[in-house]
Amino acid sequence: CFIPRKYKLPLYQWTYIDVKSKFKFIAYSYSLSSDFWLMFILTIATFLRAMGIHYHMNFQADNWWEFCSGSKQKEENWNQVLKPLNCSFQSIPAWKKYLQGVVERSHRTDDEELYRPYLERMKNMNDFIYHASKYIHTYNCYRPSFGIGMNGLSPLEKLKNSNKGFYNTKVHTQIVYK
């Protein structure tokens, strides 16, 4: 049973993660599009600016087609759009897959703590949004992390203990349902 198609749930997860605190935003879509990615990043950047985080943020993503596909022109265009928000973007080179480790590891956590235990219970969009919202709230606010420098703090606790809030950020998409 392929649940997402049966119940018309989104097929793709977009992930934003702050590498120092592991604070994460997720969004969903029915298709992959660089336009959706850009709107996702602009929404996050605007939200963070409204929350008082004003230092420069650098977004990174792999070179897949839903981002820049290796196009330096597209990367330059996105940097022009992001510049007024004091943000920038750079593609992770294809030969440096290790730079995607934080996001890839967070996808494993998403699979283990959201999709595997709850996906079969998601019979409609309301169920989907409920479980995804509950998961991301728990992940950011209550779930202890034992990664480098986390010392068992939740991402929110780590942010509260830092002077700067969000640091370098990484963005990635994940095909939610395999």
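Could you tell me whether any residue of the range 8-17 is over 16 Å from the mean Cα position of the chain (by Cα), at pLDDT 85 or above and open to solvent by less than 30 Å² (accessible area, probe 1.4 Å)?
Checking the range 8-17: at least one residue is over 16 Å from the mean Cα position of the chain (by Cα), at pLDDT 85 or above and open to solvent by less than 30 Å² (accessible area, probe 1.4 Å).
Answer with yes or no whether THR15 is hydroxyl-bearing (Ser, Thr, Tyr) and under 24 Å from ILE148 (Cβ atoms). Break it down stepwise before answering.
Working: hydroxyl-bearing (Ser, Thr, Tyr): yes; under 24 Å from ILE148 (Cβ atoms): yes.
Spelling it out, THR15 is indeed hydroxyl-bearing (Ser, Thr, Tyr) and under 24 Å from ILE148 (Cβ atoms).
Give me a count of the residues in the range 113-129 that are under 19 Å from TRP14 (Cβ atoms) and either touching a residue at least 40 places away in the same chain (Cβ under 8 Å) or surrounded by fewer than 15 Cβ atoms within 10 Å (Cβ to Cβ) (or both).
So the answer is 7.
Can you name the residue in the range 148-173 that is among the hydroxyl-bearing types (Ser, Thr, Tyr) and part of a loop (DSSP other than H, G, I, E, B) and is also modelled with the highest pLDDT among such residues? Quick ask: steps written out before the conclusion?
We begin by selecting, within the range 148-173, every residue among the hydroxyl-bearing types (Ser, Thr, Tyr); these are 154, 162, 167, 169, 173.
Those still in the list that are part of a loop (DSSP other than H, G, I, E, B) too: 154, 162, 167.
Values: SER154: 93, SER162: 74, TYR167: 48.
Out of the qualifying residues, it is SER154.
How many of the residues making up the range 84-112 are over 16 Å from the mean Cα position of the chain (by Cα), assigned to a helix (DSSP H, G or I) and either aromatic (Phe, Trp, Tyr) or surrounded by 11 or more Cβ atoms within 10 Å (Cβ to Cβ) (or both)?
Counting residues in the range 84-112 that are over 16 Å from the mean Cα position of the chain (by Cα), assigned to a helix (DSSP H, G or I) and either aromatic (Phe, Trp, Tyr) or surrounded by 11 or more Cβ atoms within 10 Å (Cβ to Cβ) (or both) gives 3.
Any idea which of (1) open to solvent by 80 Å² or more (accessible area, probe 1.4 Å); (2) β-branched (Val, Ile, Thr); (3) in contact (Cβ under 8 Å) with a residue 60 or more places away in the chain is the one ILE41 doesn't satisfy?
Among (1) open to solvent by 80 Å² or more (accessible area, probe 1.4 Å); (2) β-branched (Val, Ile, Thr); (3) in contact (Cβ under 8 Å) with a residue 60 or more places away in the chain, ILE41 violates only (1).
Would you check if LYS24 is open to solvent by less than 20 Å² (accessible area, probe 1.4 Å) and not aromatic (Phe, Trp, Tyr)?
Details: open to solvent by less than 20 Å² (accessible area, probe 1.4 Å): yes; not aromatic (Phe, Trp, Tyr): yes.
It is true that LYS24 is open to solvent by less than 20 Å² (accessible area, probe 1.4 Å) and not aromatic (Phe, Trp, Tyr).
Any chance the range 127-144 includes a residue that's out of contact with any Cys (no Cβ under 6 Å at 6 or more places or on another chain), in a strand (DSSP E or B) and among the polar types (S, T, N, Q)? Walk me through it before giving the result.
If we filter the range 127-144 for residues that are out of contact with any Cys (no Cβ under 6 Å at 6 or more places or on another chain), which is where we start, we get 127-144.
Cutting the leftovers down to in a strand (DSSP E or B) gives us none.
No: the range 127-144 contains no residue that is out of contact with any Cys (no Cβ under 6 Å at 6 or more places or on another chain), in a strand (DSSP E or B) and among the polar types (S, T, N, Q).
The values are calculated or read from the model by the stated rules, or taken from the named source; none is laboratory data. This is a predicted model, so every value here is computed, not measured. Neighbour counts run over all protein chains shown; Cβ positions are idealised from the backbone, glycine included. The protein model used for the area step is the full one, side chains on, heavy atoms only, and it has no ligands, DNA or RNA in it. Shrake-Rupley method; radii C 1.70, N 1.55, O 1.52, S 1.80 Å.
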